[in-house]
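Worksheet: the structure to be examined is printed underneath.
FYI, it's all coordinate maths here, none of it is from the lab. Not measured: the values here are computed from a predicted model. Cβ placement follows ideal geometry from the backbone for every residue including glycine, while neighbour counts extend to all protein chains displayed.
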Amino acid sequence: MTDSSEPSTSRPPDRRSGARRAVVLVLAVSVVLIVGCLVSLAFLAVSRPEDGASLGERLDAVFGQTDGDVRERESAMSQAEQFVLRVHTYGPQLLDEKNAMPKYRELVTEVMTPKFAADFEEQAGLAEATVAQAGVARTADVFSYGTSTIDSDSASVLVAGSFTTSYPDPKAPEDSEKRIDTDAIPFRYEVSLKKIEGEWLVDSFQDLTGEPEQPAGGQPQEPQAPQGSVAP
């Protein structure tokens with residue numbers, strides 16, 4: 001006669017093992033789907049009847065990025081960078097006999113729309129006055145830039161960098177080469193461009209940096225231009 005009080009030696013089903021098998025199955029199905037999608041996209045890129053298009057161009061077309069798109073983005077970003085560098089680069093070396101900076105005006109207006117160039121011409125005299133009267137000079141560095149939005153005839157580019165202002169050393173007025181540099185002031189601009197006759201031109205910009213803080217010692221910083229203004 002068997003004693004029914006003896007413990008049973010049978011093992012309950014291993015639930016963890018079943019869960020692992022389910023996870024492995026899901027991963028395997030996912031991998032198969034991903035590989036299938038990639039193979040389909042590659043087939044479309046190779047088989048598309050693009051006249052004269054290379055394999056790379058066909059792949060770009062399938063993934064929504066053509067060489068033309070890339071060139072347009074690079075052109076818009078380059079023009080925005082040039083605008084920032086040119087508008088923040090001037091000094092006594094650009095002054096003519098009338099204490100004006102015609103080369104500075106020319107370089108900046110080259111990358112502007114006619115409308116924005118007209119506004120700049122009205123404000124450029126402020127930069128010329130600071131250079132002629134105080135010997136002020138300015139240089140700029142661009143750290144990074146990238147397109148925010150872009151379509152067939154308009155674009156918005158974010159540009160980050162800093163500019164440094166210098167002035168003659170008052171302790172050595174006879175030495176025009178001896179200058180004092182201020183601390184670099186960071187900026188972050190949103191530059192708006194329009195495409196006119198196939199060329200990207202700056203139509204406006206907005207300063208995203210915010211209001212400058214007062215430095216230690218109570219000395220005010222150099223006044224900042226209002227948003228959209230190109231005056232120093």
> All other residues with a Cβ under 14 Å from the Cβ of residue 122 taken together, and with Lys, Arg as +1 and Asp, Glu as -1, what is their net charge?
Replying inline: -1
>> Quick check: the distance between the Cα centres of region 92-129 and region 152-199, to the nearest angstrom?
In response: 14
>> Sort 129-135, 162-168 by packing, meaning the average of other beta carbons within 10 Å per residue, with the highest value first.
In response: 162-168, 129-135
> By how many nm would the segment from residue 169 to residue 197 lengthen if fully extended, with 0.36 nm per residue of separation less the alpha-carbon distance?
Replying inline: 5.4 nm
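Does region 143-185 come out rounded, prolate or oblate by the C-alpha gyration tensor, with a ≥ b ≥ c the root eigenvalues, rounded set by a/c under 1.5 and, if not, prolate when a/b is larger than b/c and oblate if not? Please list the in-between numbers first.
Details: a/c = 7.01, a/b = 3.95, b/c = 1.78.
Since a/c reaches 1.5 and a/b is larger than b/c, the shape of region 143-185 is classed as prolate.
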> What's the local net charge at residue 112, with K and R +1, D and E -1, over the other residues with C-beta under 13 Å away?
Replying inline: -3
>> Just to verify a number: FRET efficiency for residue 148 and residue 70, C-beta to C-beta distance, R0 = 22 Å, to 0.05?
In response: 0.85
>> Under the 0.36 nm per residue contour assumption, what length would be gained going from the current alpha-carbon distance of residue 184 and residue 162 to full extension?
In response: 7.3 nm
>> How charged is the neighbourhood of residue 159? Take every other residue with its Cβ under 13 Å from the Cβ of residue 159, and add Lys/Arg as +1 and Asp/Glu as -1.
In response: -2
